[in-house]
Amino acid sequence: MHDPPNYWYNIVPDLPRPLPPPRDPEDDYIFSRIEILPKLFPSELLDQEFTAERYVQIPAEVLDSYRRIGRPTPLARAVRLERFLDTPAKIYFKREDLSPAGSHKVNTALAQAYYAKKENIQMLTTETSAGQWGSALAYACAMFNIKCLVFMTRSSYLQKPYRKTLMKLYGAEVLPSPSDCTDVGRNLLKERPEHPGSLGIAISEAVETCMKNEGVKYAIGSVMNFVLLHQTVIGLETMKQLEEIGEKPDIMVGCVGGGSNFAGFIFPFVGKRLRDGEFKDTRFIGVESKASPKMTEGKYVYEHGDTAGYLPMLKMYTVGRNYVPPPIHAAGLRYHAVAPTLSLLIREGLIETAAYTQEEVLDAARTFARVEGIIPAPETSHAIKQVIIEAQQCRRRNLQKTIVFCFSGHGLLDLSIFEEHTE
Ligand SMILES: *Cc1c(COP(=O)(O)O)cnc(C)c1O
């Protein structure tokens, strides 16, 4: 396979039921969350958010930027893991860890930076905790020559210096949040000068910056339809790569924070199943952290897309935006809800879910590192845990299944976790 696809796939027109529309909260009338969307996002991204078109063309400049990060990314086979588990199953993984910032998040960051640039926006702003999203956006803004301002929760800013350095290397401005650059931040700092911050506060600061300044827009790393749309480049490539080697996936696995890498990976397959029955026996399994169990224990209700409550309410599986997960290292899986399209498909019984504890996934990560030689991100390790369980099942029942998973990112900037937990 020599070239990435030249379109993204939108699952909305193929869903078994119409997607419940975004909604404003009923209990307060301070401002309409739906009406502020054009202040927050470039207009082409909003068009993509609500489009009913099945295919959206990838602009030539974005395609070029995809080639630059090594797309199409390899679909590798974990032969050594298969042997180690002594399983008849075949295990393949899609390498999203090979991008410059180390995860799938650049796939949407590049698209968001491109549309911002095209609409003459001077700066994108966002929030980040561990820094994976912030570093993907900083990279993308550097590639499209646009300024980037990242509000990073103060606790991470102090404890995770490497991703902060990475963002700065790419030319982004990184402020510990709460900062003294916004009203929200200043008020909090007055009460508590060393406030550790939270994602909700960091989002509030990014949104305030965007509302008060012309030429500044907000970028988001997961959950919105347009983010999932951009991530389908993963699944479209995977489908073609499997075809080329004559394989059909029996089981597809991915980890779920807001759902963007997993949805991007499986939606092209799910869409074919919904349209013409292909892949009807394929099992799709989304894996979350037991620390934020929205799919396995959450409710399917309307909730804000962000912890601060600035974004419209969407119908999603959620543990509630005020839920505070225990501190876990897989920061990317702390998110309180799962994207609306993915939630609907879970509700309809098309997608299976599973949840694991930190200890369970770090064990799986250690096995993968030793056997395959690649260090997975803690988020990715949740998918690996599920893959190992499925492969062991195949061994017991002597089934030659094809298991494919999304390797969403590497863990080379998360080594401290392994230090704490490696004997
Ligand atoms: C952010 C992140 C995730 C979780 O986000 P999704 O939107 O669910 O994909 C998973 N893996 C890695 C490596 C991440 O950086």
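The values are calculated or read from the model by the stated rules, or taken from the named source; none is laboratory data. Computed from a predicted structure; not experimentally measured. Cβ atoms come from the backbone with ideal geometry, glycine included; neighbour counts cover every protein chain shown. Please note that ligands, DNA and RNA were not included when accessible areas were found on the heavy atoms of the full protein model with its side chains. Shrake-Rupley method; radii C 1.70, N 1.55, O 1.52, S 1.80 Å.
Brief remarks follow.
- Within region 41-100, the set of residues being in contact with a Cys (Cβ under 8 Å, 6 or more places away or on another chain) and either surrounded by fewer than 21 Cβ atoms within 10 Å (Cβ to Cβ) or assigned to a strand (DSSP E or B) (or both) comprises P88, F93, K94.
- Scan of region 209-225 for residues that are within 13 Å of the ligand (Cβ to nearest atom) and touching a Ser or Thr at 6+ places or on another chain (Cβ under 8 Å), ordered by number: I220, G221, S222, V223, N225
So that you can scan it fast, the table gives a plain yes or no per residue for (1) small (G, A, S); (2) under 22 Å from A364 (Cβ atoms); (3) in contact with a Ser or Thr (Cβ under 9 Å, 6 or more places away or on another chain):
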site	(1), (2), (3)
F262	no, yes, yes
F265	no, yes, yes
R283	no, yes, no
K290	no, yes, yes
V319	no, no, yes
V324	no, no, yes
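- Residue within region 117-125 that is within 20 Å of the chain's Cα centre (by Cα) and surrounded by 20 or more Cβ atoms within 10 Å (Cβ to Cβ) present: yes
- Residue check for L350: more than 20 Å from L19 (Cα to Cα), in contact (Cβ under 8 Å) with a residue 60 or more places away in the chain and part of a loop (DSSP other than H, G, I, E, B): no
- Given (1) β-branched (V, I, T); (2) surrounded by fewer than 23 Cβ atoms within 10 Å (Cβ to Cβ); (3) within 30 Å of K117 (Cβ to Cβ), number of the condition T232 does not satisfy: (2)
- You will find that of G332, G373, G349, G320, the residue that is open to solvent by 10 Å² or more (accessible area, probe 1.4 Å), within 19 Å of the chain's Cα centre (by Cα), away from the ligand (no atom under 16 Å from the Cβ) and not assigned by TED's automatic domain parsing to the domain that holds I201 is G320 and no other.
- Tally of residues being more than 25 Å from I328 (Cα to Cα), open to solvent by 30 Å² or more (accessible area, probe 1.4 Å), touching an Asp or Glu at 6+ places or on another chain (Cβ under 8 Å) and not aliphatic (A, V, I, L, M) across region 253-305: 4
- Residues within region 306-317 that are outside any strand (DSSP E or B) and open to solvent by 20 Å² or more (accessible area, probe 1.4 Å), tallied: 3
- Among the residues of region 391-410, those identified as crowded, with 24+ Cβ neighbours inside 10 Å and either within 15 Å of the ligand (Cβ to nearest atom) or closer than 13 Å to L85 by Cα (or both) are A391, F405, C406, F407, S408, G409.
- A single entry from F262, F279 fulfils the requirement of being within 14 Å of the ligand (Cβ to nearest atom) and at pLDDT 95 or above: F262.
- Of the helices (runs of 4 or more DSSP H) entirely within region 129-169, those holding at least 3 residues that are surrounded by 24 or more Cβ atoms within 10 Å (Cβ to Cβ) and in contact (Cβ under 8 Å) with a residue 60 or more places away in the chain occupy 132-143.
- Counted residues, region 245-283 - those being among the polar types (S, T, N, Q) and touching a Cys at 6+ places or on another chain (Cβ under 8 Å): 1
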